[in-house]
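The values are calculated or read from the model by the stated rules, or taken from the named source; none is laboratory data. Nothing here was measured: the structure is a model prediction, and the numbers come from that model. Note that each Cβ is placed from the backbone with ideal geometry, even for glycine, and that neighbours are counted across all protein chains shown.
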Amino acid sequence: MRGLYVHIPFCAVKCFYCDFTAFSGQKSQAARYLRALEREFEMTRQGLSFDTLYIGGGTPSELSASEIAELLRNVGGEYREATFEASPDSLDAEKISALRLGGVTRLSLGLETAEDRLLRSVGRRHTWKDFLRTYDACRAAGFSVNVDLMYALPGQTLAECDRSLDAVLSLSPDHLSLYGLQVEDRTLFGKREVEVDEDLARSMFESALDRLAAAGFEHYEISNFARPGHQSVHNRIYWRNGEYLGLGCGASSFLNGTRRANHDRLGDYCAAVEAGRPPIAEAERLDGRRALGEKVLLGLRLIEGIDWTPEFDSAFPREKRHVVERGWAVLDDDNRLRLTREGVFLANKVFAEFVEPFRSPGPGALQEAAA
Ligand SMILES: C[S@@+](CC[C@H](N)C(=O)[O-])C[C@H]1O[C@@H](n2cnc3c(N)ncnc32)[C@H](O)[C@@H]1O
Ligand code: SF4
């Protein structure tokens, strides 16, 4: 299977925690950007076919209904799964209809928390009520829906975290992504030197795991939970180390064993494509130990773990022993190496054993892998 990722970098405002390739105040560049995406797709697709489509950001729902229709004319079509990310304050009936007509099957809504007080304190523009209205409209239109929630937000209590999750679970979404706040240097929170209380974060995550299991959600990836039959097909391609083509500024691709990343500045990206050049900022062939380490890292993100082949064992005998001895992973009877609950919480430490130097990919690892 192969995935197609399309990055839309526009946002109404920049949230205080977010370090994604996302710009506020740049919507006037949308027409130029959509033309560049179309051209990049022509230049780079090389006859490849794709099983899944993921349009992420930034906030793709910041595009107008006619821009969404244009984008989907270019990259839409018949996919096993076609996901579109949206913030709750930027979808309306016209956009929802353009998404439906363009073949989108799944919407991913960034809620973050159900508490209006906390939403304001992290720079979000929507309220819980806005979210409910949008969620109902998406469901009525027949979409499968994912909801993004965050925990360990500054000032958030355990009770508030539980309440947000319960409020979302009462709506029965198909899929839920749950990210612990990562404080990134270049964000407002990073500049303010916001600190995360790791013990409280741990309690929030533990409580969420129990509530999600009780509600019938399968925990299938470090940050992702699905009702049976609703795991993200596209994101599983990343975690299985499959191929994907990423279009747009800051997007990365993994094709033929080579990982490459596009320019992450809007102007550089558009200028390269307009000059007829692929907008690639860096490319690296992954082979040997490095390629194996990446496979382990991605595979361990899945709760089912990875088949621990002799190839992995001879490349990482010491590392495997370390993570098992510390109780971070187990090698089960089927010879699969998988994270324990402890390992899930300390995943970045586990990954650092296999890939050096390891930089935390952050909570949106799957999007960032492609963004
Ligand atoms: C591209 S956004 C989702 C769509 C839309 N832009 C929105 O925010 O509603 C991806 C998600 O990553 C999560 N995220 C981003 N930065 C994060 C951070 N620093 N720590 C934890 N989660 C983060 C948030 O849950 C966010 O909804
Ligand atoms: S969290 Fe979403 S809306 Fe907020 S800045 Fe990041 S990409 Fe934009």
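Here is a list: Glu85, Glu112. Which entry is more than 22 Å from Cys161 (Cβ to Cβ) and within 11 Å of ligand 2 (Cβ to nearest atom)?
Glu85
Kindly provide the set of residues from region 50-77 that are charged (D, E, K, R) and within 14 Å of Leu245 (Cβ to Cβ), ordered by number.
Of everything in region 50-77, just one residue is charged (D, E, K, R) and within 14 Å of Leu245 (Cβ to Cβ), namely Asp51.
Any idea how many residues of region 330-361 are touching a Leu at 6+ places or on another chain (Cβ under 6 Å) and over 17 Å from Glu294 (Cβ atoms)?
1
Which condition does Lys320 not pass, out of (1) surrounded by 13 or more Cβ atoms within 10 Å (Cβ to Cβ); (2) under 24 Å from the mean Cα position of the chain (by Cα), if it passes all the others?
Only one criterion is unmet by Lys320, namely (2).
What are the pairs, 6+ residues apart or on separate chains, where a residue within region 150-179 that is surrounded by fewer than 19 Cβ atoms within 10 Å (Cβ to Cβ) has its Cβ under 7 Å from a residue that is charged (D, E, K, R) and part of a loop (DSSP other than H, G, I, E, B)?
Qualifying pairs under 7 Å: Glu160/Glu115.
Which condition from (1) modelled with pLDDT of 95 or more; (2) in a loop (DSSP other than H, G, I, E, B) is the one that Gly77 breaks?
Only one criterion is unmet by Gly77, namely (1).
If a residue has to be within 9 Å of ligand 1 (Cβ to nearest atom) and either among the charged types (D, E, K, R) or modelled with pLDDT under 95 (or both) to count, how many in region 143-181 make the cut?
Of the residues in that region, 1 qualify.
Residue-wise test of (1) more than 26 Å from Gly3 (Cα to Cα); (2) surrounded by fewer than 21 Cβ atoms within 10 Å (Cβ to Cβ); (3) within 15 Å of ligand 1 (Cβ to nearest atom); (4) aromatic (Phe, Trp, Tyr).
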{"position": "Lys95", "(1), (2), (3), (4)": "no, no, yes, no"}
{"position": "Leu107", "(1), (2), (3), (4)": "no, no, yes, no"}
{"position": "Leu111", "(1), (2), (3), (4)": "no, no, yes, no"}
{"position": "Glu115", "(1), (2), (3), (4)": "yes, yes, yes, no"}
{"position": "Leu119", "(1), (2), (3), (4)": "yes, no, yes, no"}
{"position": "Asp130", "(1), (2), (3), (4)": "yes, yes, yes, no"}
{"position": "Asp136", "(1), (2), (3), (4)": "yes, yes, no, no"}
{"position": "Ala141", "(1), (2), (3), (4)": "no, yes, no, no"}
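Return yes or no: is Leu209 closer than 23 Å to Glu304 by Cβ and aliphatic (A, V, I, L, M)?
Yes: the conditions hold for Leu209.
In region 32-58, how many residues are in contact with a Phe, Trp or Tyr (Cβ under 6 Å, 6 or more places away or on another chain) and within 10 Å of ligand 1 (Cβ to nearest atom)?
1
From the list Gly276, Gly305, Gly257, Gly288, exactly one residue is at positive phi and buried (at least 18 other Cβ atoms within 10 Å of the Cβ). Which is it?
Gly305
What number of residues within region 51-71 are away from ligand 2 (no atom under 16 Å from the Cβ) and surrounded by 23 or more Cβ atoms within 10 Å (Cβ to Cβ)?
Residues that pass the stated criteria total 4.
List, please: which pairs have Cβ atoms under 8 Å, are six or more places apart or on different chains, and start with a residue in region 115-129 that is farther than 12 Å from Gly155 by Cβ and in contact (Cβ under 8 Å) with a residue 60 or more places away in the chain and end with one that is of a type in the set (A, V, I, L, M, F, W, C) and near ligand 2 (Cβ under 10 Å from one of its atoms)?
Pairs found: Gly123/Val13; Gly123/Cys15; Gly123/Phe16; Arg124/Cys15; Arg125/Ala12; Arg125/Val13.
Please work out which residue is farthest from Ser232 (Cα to Cα), limiting yourself to region 9-31 and to residues that are more than 9 Å from ligand 1 (Cβ to nearest atom) and not in a loop (DSSP other than H, G, I, E, B).
For region 9-31, the residue satisfying everything is Ser28.
If I filter region 34-50 for residues that are over 24 Å from Ala140 (Cα atoms) and in contact with a Cys (Cβ under 9 Å, 6 or more places away or on another chain), do I get at least one hit?
yes
I'd like to check which strands (runs of 3 or more DSSP E) are fully inside region 160-245 and have at least 1 residues that are within 16 Å of ligand 2 (Cβ to nearest atom).
175-180
Could you please give the count of residues in region 111-159 that are assigned to a helix (DSSP H, G or I) and more than 24 Å from Glu198 (Cβ to Cβ)?
Residues flagged as assigned to a helix (DSSP H, G or I) and more than 24 Å from Glu198 (Cβ to Cβ) within region 111-159 amount to 15.
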